[in-house]
Amino acid sequence: MSKNVLVLADVRDGELRNVSLECLAAASQVAEGGVVTAAVFGSDAKGQVDKLSHHGADQVVTVSNPKLDQYTTDAYFQAFKQVIDKTDPDVIFTGHTAVGRDVSPRIAARLGLGLVSDCTAVDFSDGKIVFTRPIYAGKAFVKKAVREGKVFATLRPNNIAALEADTSRSAVAEELEVDIAEDSLRTLVKELVRKTSDGVDLSEARIVVAGGRGVKSADGFKPLEELAEVLGAAVGASRGACDAEYCDYALQIGQTGKVVTPDLYIACGISGAIQHLAGMSNSKVIVAINKDPEASIFSVADYGIVGDLFDVVPMLTEEFKKVLV
Ligand code: FAD
């Protein structure tokens with residue numbers, strides 16, 4: 001049976017986040033001939049229409065209200081709710097990003113829906129959409145199907161392949177006026193301060209170079225940053241490194257930090273505590289560098305290098321430079 005699917009597009013610094021395209025791919029898969037609609041918010045929303053349509057949207061609802069230029073819970077909640085009321089979708093997807101994680105439970109609660117969060121795969125079985133999601137901090141996965149009513153899910157970045165861009169596609173674009181009363185906004189964003197220095201978004205990065213307490217100091221991150229630069233990677237960290245004030249908490253990966261699923265994860269001087277593994281064990285290829293051959297990180301690593309990271313990391317950087325730069 002065909003289903004109409006709504007995807008909330010996530011825009012950061014004027015660029016669509018890749019997870020929005022991944023949501024569109026999942027939406028196209030489950031729509032079975034129904035309409036795939038993307039909703040995009042903010043003053044430059046119309047600038048995103050082409051890309052959304054090239055990646056699977058049949059219809060794009062733009063909400064160009066400037067109150068949506070920066071994410072706030074109240075403004076996004078009201079706009080998203082009004083888009084849902086207008087489009088009446090059977091299925092709703094958002095990325096499992098800071099935005100999706102904040103707004104989706106509120107919408108689900110208001111509409112009396114269940115929410116399947118942090119899904120890593122979307123399939124079909126017996127005519128139902130079946131979601132795969134991690135449990136027990138990523139140690140196991142469950143499959144869940146929603147038995148009745150609207151289906152609402154957040155999808156983890158980097159797990160579902162986006163569709164190849166088809167530039168011959170052109171979606172029907174519609175501007176929606178939404179009502180967001182000034183006095184309903186309890187938060188006012190005055191300034192946006194980014195704590196990550198490089199341009200690669202950690203949660204969507206294809207390659208992550210992460211440092212733990214083994215880097216020993218803030219300066220100890222420098223060799224990792226150099227490797228990351230050569231690889232076009234993002235730099236991440238264990239909580240051990242953050243707690244020791246070697247880097248900012250914005251870099252923390254794990255149960256209480258960011259969840260990443262890159263193609264390549266290079267763990268340097270990280271012991272591999274369960275709380276750290278919760279944030280990275282789904283990475284496609286894991287390389288661990290640790291001077292302790294018994295370190296737990298080696299139990300999840302595809303490739304292990306027993307050695308001092310201050311010797312190994314610069315060597316890797318030099319070798320990668322020969323082939324990449
Ligand atoms: P350590 O465990 O101290 O390991 C350092 C490693 O570096 C060692 O294996 C050592 O052999 C190696 N090493 C030292 N020097 C070198 C060298 N020169 N070259 C190579 N290797 C070297 N942790 C997270 O990471 N993310 C989370 O989200 C998180 N959430 C938590 C939530 C809760 C409720 C709790 C209780 C803990 C949480 N933790 C989290 C903390 C976690 O339990 C660990 O304490 C932390 O991950 C350890 O960080 P680490 O591996 O960098 O440090």
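Since every read-out is calculated from the coordinates, none of them should be taken as a lab result. Computed from a predicted model, the values in this text were never measured in an experiment. Backbone-built Cβ (ideal geometry, glycine too); neighbour counts: all protein chains shown.
For the reader, a short list of remarks on this structure follows.
- Couplings 3J(HN,Hα) for segment 40-57, derived from phi with the Karplus relation 6.51 cos²θ - 1.76 cosθ + 1.60 (θ = phi - 60°), are 9, 10, x, 4, 9, 4, 5, x, 9, 4, 4, 4, 5, 6, 4, 9, x, 6 Hz, where x marks Gly and Pro.
- Cα→Cβ-extended label distance, 7 Å offset, between VAL172 and ASP248, nm: 4.4
- Kirkwood Rh and Cα Rg combined as Rg over Rh, evaluated for segment 219-265: 0.96
- Debye log10 I(q)/I(0) at q = 0.14, 0.20, 0.26, 0.27 Å⁻¹ for segment 275-315, Cα point scatterers: -0.31, -0.61, -0.91, -0.95
- Partner lysines whose Cα lies under 29 Å from the Cα of LYS86, excluding those fewer than 8 positions away in the same chain, are identified as LYS3, LYS46, LYS51, LYS67, LYS128, LYS144, LYS150.
- Amide hydrogen neighbours beyond the local backbone of VAL116, cut-off 5 Å, H modeled: PHE152, ALA153, THR154
- Expected-Rg normalisation [2.2 N^0.38 Å, Cα atoms] applied to the chain: 1.05
- Amide H within-cut-off set for VAL60, under 5 Å, with H built and near neighbours excluded: ALA38, VAL172, ALA173, GLU174
- Gyration tensor verdict on segment 188-263 (Cα atoms; rounded if a/c is under 1.5, prolate if a/b is larger than b/c, oblate otherwise): rounded
- Cα-based shape type of segment 34-119, given that a ≥ b ≥ c are square roots of the gyration tensor eigenvalues and the cut on a/c is 1.5: oblate
- Rounded is the label for segment 131-207, because a/c, from the alpha-carbon gyration tensor with a ≥ b ≥ c as root eigenvalues, stays below 1.5.
- Efficiency of FRET from Cβ geometry, MET1 and PHE310, R₀ 56 Å, rounded to 0.05: 0.40
- Taking N as the residue count of segment 63-204, its C-alpha radius of gyration divided by 2.2 N^0.38 Å amounts to 1.19.
- Mean-position separation - Cα centroids, segment 76-94 and segment 210-231, in angstrom: 42
- Lysines whose Cα lies under 20 Å from that of LYS216, excluding same-chain neighbours fewer than 8 positions away: LYS291
- The phi torsions of segment 268-274, fed into the Karplus equation with coefficients 6.51, -1.76 and 1.60 and a -60° offset, translate into couplings of 10, x, 10, 6, x, 4, 4 Hz, rounded to whole numbers, with Gly and Pro shown as x.
- From phi via Karplus (6.51, -1.76, 1.60), per-residue ³J(HN,Hα) for segment 12-18 in Hz, x at Gly/Pro: 10, 6, x, 10, 5, 6, 4
- Estimated inter-spin distance, ASP85 and LYS291, nm [label 7 Å along Cα→Cβ]: 6.3
- For a straight C-alpha distance cut-off of 12 angstrom, the aspartates and glutamates reachable from LYS81 (same-chain residues fewer than eight places away being disregarded) are ASP179.
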